[in-house]
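Chemist: Quick one: the structure is below, questions incoming.
The values are calculated or read from the model by the stated rules, or taken from the named source; none is laboratory data. This is a predicted model, so every value here is computed, not measured. Note that we place each Cβ from the backbone using ideal geometry, even for glycine, and neighbour counts take in every protein chain shown.
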Amino acid sequence: MGYVKDGEKRYFIEVIAAGTLIIAAIALRRAVGHLIINPALLLTVKLLPLLPILLFGAAVWRFYQRCDELQRQTMLKTAGAASLLTLVIFMTWLIMQPVGLPPLTGLIAILVICGCTLLSSAVIKFLEGRAEGGLQQAFTRAIPVLCLAAMLLGLYVVLHLVLPVRSAPYLWSTIWMGGGVIALLIYRLLKHRLDL
């Protein structure tokens, strides 16, 4: 169960494919959902976007199985820190709603989960880099994750200003996911150049 050299590349392709399948499944659901009369077939079409989510989970699991022990430990630390931070933010959000915070919608929840995951990943990378080679190594390891977070936040702000979510939610999410893929490609390029 050693480290497979192309495992990270395969994982990246599987995640991109799962994201593309999510967009296709939602488009199919929107296109034919109102035309179907059979309730069983309608339920199948409505649940179709769950399949790519399961494929994404399988890709993460396969990547985890192929990693070496240090990578597994990093993944588990990041997942644990992101889960704890997300839980604290959600609980605080619900407590602060009577004071004036807006209700916790699905869009806000997804953004909080993504933000917590990116922040936890950057912190874990920074701490590992500092333990291995000092502050310069720490900043070098954290830069790709911080750039990815900045690009995704910038894309969100631009989309929010140009195209309101309520006017075209499917187009908005498609552009968001496409921009996310481009940001991930830039992240991989930056990470590869900094690793050399």
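So that you can scan it fast, the table gives a plain yes or no per residue for (1) within 29 Å of A183 (Cα to Cα); (2) modelled with pLDDT under 80; (3) among the β-branched types (V, I, T):
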{"residue": "Y3", "(1), (2), (3)": "yes, yes, no"}
{"residue": "I26", "(1), (2), (3)": "yes, yes, yes"}
{"residue": "I36", "(1), (2), (3)": "no, yes, yes"}
{"residue": "P49", "(1), (2), (3)": "yes, yes, no"}
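Chemist: Take the conditions assigned to a helix (DSSP H, G or I), modelled with pLDDT under 75, over 18 Å from the mean Cα position of the chain (by Cα) and surrounded by 14 or more Cβ atoms within 10 Å (Cβ to Cβ) and apply them to R188. Does it pass?
Modeler: no
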